[in-house]
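Engineer: Could you have a look at this structure, given as structure tokens, before my questions?
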Amino acid sequence: MNAPIFRRAASAGEGVSRRQLIITATAVGGALMVGCSPTDLLAAGAEGETGPFGAFVRIAPDGAVTLVCKHIEFGQGSHAGLAAIVAEELDADWSKVAWEHAPANAKLYANGGLGAQLTGGSTAINNSWDQLRQAGAAARAMFVQAAASRWNVPAGEITVKDSVVSHAASGQSADFAALLADAAKVAPPAEPTLKDPTQFTLIGTDRVRRKDSLAKSTGQTRFTMDVQAENLLVAMVAHPPRFGAKVASFDATAAKAMPGVVEVYEIPTGVAVVANSTWAAKQGRDALSVNWDEAKAETRSSADIAQRFRDLAAGSAALEKGEEWQGFETKGEVAAQGGGLAIEVAYDFPYLAHATMEPMNCVAQVDGNTAKLTFASQGPTLDQLNVAKIVANLPGAIEIETLPAGGSFGRRANFQSDFVVECVQIARKVGGNRPVKLVWTREDDMAAGYYRPLVHHRVRVTTDAEGYPNTWTHRIVTQSIMKGAPFGGGGVDETAVEGAKGSPYLKATPHVDAQLLTPDAGVPVLWWRSVGATHTAYVMEHTIEQLARRAGQDPVAYRRALYEKAAAKRHLAVLDLAAEKAGWGEPAPEGWTRGVAVHESFGSVVAQVAEVKMENGEPRVGRVVTAIDCGTAISPNQIAAQMEGGTCYGLSAALYGQVTLTEGRVDQTNFDTYRVLRHNEAPKVETYIAAQPAGTHPTGVGEPGTPVIGPAVANALLALTGEAITAQPFVKV
Amino acid sequence: MAITLDVNGKPLTVEAAEDTPLLWVLRDELGLTGTKYGCGIAQCGACTVLADGAPIRACLTPVSALGSAKITTIEGLGGDHPLQQAWVALDVPQCGYCQSGQIMSAAALLEQSPKPTDEEIDGAMAGNICRCGAYQRIHAAIKVASGQAPATASPQTDA
Ligand code: FES
Ligand code: FES
């Protein structure tokens, strides 16, 4: 799993003018693309060579097949599915297939859906499906051609199984190792013939398991935190107590007197202490005395921000300069409709920290204009771009060795590369190519922002004579995640409305007026596993539940009727599957109450039926029946793992998760104040995968399991208590 | 000061200030990076190791407090401990960062209670956070390792 040693690019180092760099940076915005693609520009200076089997497949002299994986492994296990796609088309011996992270190179390894090398949006399998099928099939064709030439038999009569190439009629066979030298000389076919998906023997079976379980069960996996190197320095940074504050002055005398502390530097984000060990760095950092310039700091409390969002949605606060409502679904004539008011309800969602198990960290070494980074890079292209600006080099020349991450949930991919840039700033001060490991403590990590934004929704629905929505008025107020993005921009921030926009419930409603407002706040925000769906799924599903109850209808039957109106076949199928497996319609086990919810995100549709009861004044979730339509299921085992994990992540947020600010200071510091779901609170998730026609394109799995559990539990509690829950988290500390 | 520790059956001498937490001595001085940092305040369990068979949080245990206690880290479990076998059979780890601590807590539990009940497992494992939410498989793997469930049990079901 160690990344390959790539030769340092020839153009790295001298000779790169400031002007080239600016052109490159501009091109990312799509402004300058004369004769070359943005990925060409982003990859400028990169090592471009690949082996005979292309960028994704490497075959060793012993015939072992390695997937060069352009997606980072941070727990989602997508390497298993990705390697299986290659192995399936190549007919490789699955037990000997390995994988490793690709180097940073936007030209070779851009995410098809995102235009940059970046793992996100649950796209790993989805965007690699065609690409890796072709890579596997092309390599297979090269072995077949090599064997056909060697044996002088027609290629069409050759078969391949478990890395062995055979010709039945002549009784000849040879394994990949024996044919490798010849196969490597065959020109790869431009349009390799893909397998008929009905003939798949590996994809979709329980044999497709992740490859890293042993290393992760023996402490052998090398995370960024574990990087050790000759001369390594460890850095910790004193950050300002409020977002937007800066260093005014500092006294490093006591810090420098700490044993093991090597140097103290002021950097743009605070004051950095570098030391010979982690503990020395922490002791030194804690001994710093820093005065902060808070003139531009965000000093509001989160309660003030939430109140303003509420007032804006209710129309009782004035818009400020630059604030403007943007419609995201409009049809019919809401205002012209009479009819009784069925429901008007407003929902509040707090800021959420990702709280990955491994706090943010990075290892960087800088020598003049060159930089080498060793860390869990989720968006190598973004990271290269941001680092290039600091060391004045081409993005492609910034070398990154990607390590597995101790979780990300979105945190490690951001437009500012915050912790990466911080590490490079320190490594640049240290210089001399000396490796510097930036370590954030849990407290640093929790207070650093890039939270799931605080969100407010206000929904007003009137119903027709049968109790189905006739008008749907929807207001969402939240900070924009995409503001400041180097790509996209302008228009509605889709990440704020996805899941409300496109909802089958809105499709089934004749009159819709749905609008978004994105005021600024000084708190950095970011995508957080399942992004917009973290709140839109809750609002849509809990609102529908309240409407079903008002209409006196069974929640499953009510949803079915709306899905039929909206022709939402996939929603209908997973709802039926979950309801059937959960025994919906039969009494729940003694003491438990069931709740249902359905949501589509990242191309997949998930339905859950959760069994809930109150225990010691808190909701307790037991059995959770999950049905998913994710297109072709490549690794059923890992799909189940993602449903289990995603459900825990979503439940943790719904029950306990919140970051609050008091006068601009983050109140939560660690797991004692930022409560997360624990072992004894975890549900038992059963996963049922809705069968799809062979060859159906696979869709997302890492995120779609997260947003459904919150509303499923709220809907159970509504059934139990008769009360809607209009704010997360459910459990107040 | 020079401190001698018994780690995974070997006497090891390190130079460290006496208030240095065991965690950083293991990781930075002895290169035993299997033991993880997650919170530093005994809230997450990522740093769990055994001291004479009992689970301790290395992040809050000063090296000077260990005396002659025999320390076992994930590296000392051997790689084919029944828990590790069960962890692999069930593909428990996701990101894997919490898993050393999970396994060490589970190892201490099995020492105490070779066939733990669900409640005992809940109690013993509540101090180990897994942000990936692998709890269900952790629970199942402890059942497998303690001979209370077959290792073949695959946690997912197809429609
Ligand atoms: S690091 Fe010791 S308990 Fe979290
Ligand atoms: S496996 Fe990622 S935190 Fe437990």
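Engineer: Here are the criteria: (1) under 23 Å from A:THR721 (Cβ atoms); (2) in a strand (DSSP E or B); (3) out of contact with any Asp or Glu (no Cβ under 7 Å at 6 or more places or on another chain). Tell me which single one A:VAL625 does not satisfy.
Structural biologist: Unmet condition: (3).
Engineer: For segment A:120-135, enumerate the residues that are out of contact with any strand residue (DSSP E or B) (no Cβ under 7 Å at 6 or more places or on another chain) and either surrounded by fewer than 24 Cβ atoms within 10 Å (Cβ to Cβ) or farther than 21 Å from A:ILE639 by Cα (or both).
Structural biologist: Applying the first criterion (out of contact with any strand residue (DSSP E or B) (no Cβ under 7 Å at 6 or more places or on another chain)) to segment A:120-135 yields A:120-134.
Residues satisfying the conditions are A:GLY120, A:GLY121, A:THR123, A:ASN126, A:ASN127, A:TRP129, A:ASP130, A:GLN131, A:ARG133, A:GLN134.
Engineer: Same structure, new question: Would you pick out the residues in segment A:594-636 that are β-branched (Val, Ile, Thr) and in contact with a Lys or Arg (Cβ under 8 Å, 6 or more places away or on another chain)? If you could, list the steps in order and put the result at the bottom.
Structural biologist: So in segment A:594-636, the residues β-branched (Val, Ile, Thr) come out as A:596, A:598, A:605-606, A:609, A:612, A:621, A:624-626, A:628, A:632, A:634.
Listed by number, the residues that qualify are A:VAL596, A:VAL598, A:VAL605, A:VAL609, A:VAL612, A:VAL624, A:VAL625.
Engineer: OK, next. Can you tell me how many residues within segment B:66-97 are open to solvent by less than 10 Å² (accessible area, probe 1.4 Å) and more than 16 Å from ligand 2 (Cβ to nearest atom)?
Structural biologist: Total satisfying the criteria: 2.
Engineer: Here is a further query. Pairs needed: first member in segment A:443-458, β-branched (Val, Ile, Thr); second member anywhere, at pLDDT below 95; C-beta distance under 8 Å; at least 6 residues apart or different chains.
Structural biologist: none
Engineer: Tell me, which residue of segment B:6-65 that is basic (Lys, Arg) and within 11 Å of chain A (Cβ to nearest Cβ) is nearest to ligand 2 (Cβ to nearest atom)?
Structural biologist: First, the residues of segment B:6-65 that are basic (Lys, Arg): B:10, B:27, B:36, B:57.
Checking the rest, the ones that are also within 11 Å of chain A (Cβ to nearest Cβ) come to B:27, B:36.
On the way: B:ARG27: 18, B:LYS36: 9 Å.
Looking at residues that are basic (Lys, Arg) and within 11 Å of chain A (Cβ to nearest Cβ), I get B:LYS36.
Engineer: Restricting segment B:98-132 to residues that are away from ligand 1 (no atom under 15 Å from the Cβ), at the interface with chain A (Cβ under 8 Å from one of its Cβ atoms) and assigned to a helix (DSSP H, G or I), which is least open to solvent (accessible area, probe 1.4 Å)? First the steps, then the outcome.
Structural biologist: Residues of segment B:98-132 away from ligand 1 (no atom under 15 Å from the Cβ): B:106-107, B:109-123, B:132.
Keeping just the survivors that are at the interface with chain A (Cβ under 8 Å from one of its Cβ atoms) gives B:121-123, B:132.
Then drop every residue that is not assigned to a helix (DSSP H, G or I), which leaves B:121-123.
Numbers: B:ILE121: 0, B:ASP122: 40, B:GLY123: 58 Å².
Among those that are away from ligand 1 (no atom under 15 Å from the Cβ), at the interface with chain A (Cβ under 8 Å from one of its Cβ atoms) and assigned to a helix (DSSP H, G or I), it is B:ILE121.
Engineer: Quick one: which residue in A:PHE328, A:PHE309 is of a type in the set (Phe, Trp, Tyr) and part of a strand (DSSP E or B)? Talk me through it step by step, then tell me what you get.
Structural biologist: On the way: A:PHE309 fails: part of a strand (DSSP E or B).
Unique residue meeting the criteria: A:PHE328.
Engineer: Between residues in segment A:267-289 that are within 24 Å of A:ILE390 (Cα to Cα) and residues that are among the polar types (S, T, N, Q), which pairs lie under 7 Å by C-beta distance while being six or more apart or on different chains?
Structural biologist: So the pair list comes out as A:ILE267/A:GLN425; A:PRO268/A:GLN425.
Engineer: Are any of the residues in segment A:666-678 more than 10 Å from chain B (Cβ to nearest Cβ) and β-branched (Val, Ile, Thr)?
Structural biologist: Yes; the residues of segment A:666-678 include at least one that is more than 10 Å from chain B (Cβ to nearest Cβ) and β-branched (Val, Ile, Thr).
Engineer: Let me ask another. Provide a single number: the residues in segment A:216-241 that are touching a residue at least 24 places away in the same chain (Cβ under 8 Å), farther than 22 Å from A:GLN283 by Cβ and surrounded by 18 or more Cβ atoms within 10 Å (Cβ to Cβ).
Structural biologist: 2
Engineer: For segment A:633-642, indicate whether the set of residues that are open to solvent by 10 Å² or more (accessible area, probe 1.4 Å), over 30 Å from A:GLN199 (Cβ atoms) and away from ligand 1 (no atom under 16 Å from the Cβ) is non-empty.
Structural biologist: So far as segment A:633-642 goes, no, none of its residues is open to solvent by 10 Å² or more (accessible area, probe 1.4 Å), over 30 Å from A:GLN199 (Cβ atoms) and away from ligand 1 (no atom under 16 Å from the Cβ).
Engineer: Looking at A:GLY204, A:GLY219, can you tell me which residue is of a type in the set (Gly, Ala, Ser), within 14 Å of chain B (Cβ to nearest Cβ) and within 16 Å of ligand 1 (Cβ to nearest atom)? Full working, then the answer.
Structural biologist: On the way: A:GLY204 fails: within 16 Å of ligand 1 (Cβ to nearest atom).
It is A:GLY219.
Engineer: A further question on this structure: Has segment A:709-720 got at least one residue that is in a loop (DSSP other than H, G, I, E, B), in the same structural domain as A:SER652 (by TED's automatic domain parsing) and buried (at least 22 other Cβ atoms within 10 Å of the Cβ)? Working first, answer last.
Structural biologist: Taking segment A:709-720 and keeping what is in a loop (DSSP other than H, G, I, E, B), we get none.
Taking every residue of segment A:709-720 in turn, none turns out to be in a loop (DSSP other than H, G, I, E, B), in the same structural domain as A:SER652 (by TED's automatic domain parsing) and buried (at least 22 other Cβ atoms within 10 Å of the Cβ).
The values are calculated or read from the model by the stated rules, or taken from the named source; none is laboratory data. Worth saying up front: this structure is predicted, and the values here are computed from it rather than measured. Ideal geometry is used to build each Cβ from the backbone, glycine not excepted, and the neighbour counts take in all protein chains shown. Surface accessibility is based on the protein's heavy atoms, side chains included, excluding ligands, DNA and RNA. Shrake-Rupley method; radii C 1.70, N 1.55, O 1.52, S 1.80 Å.
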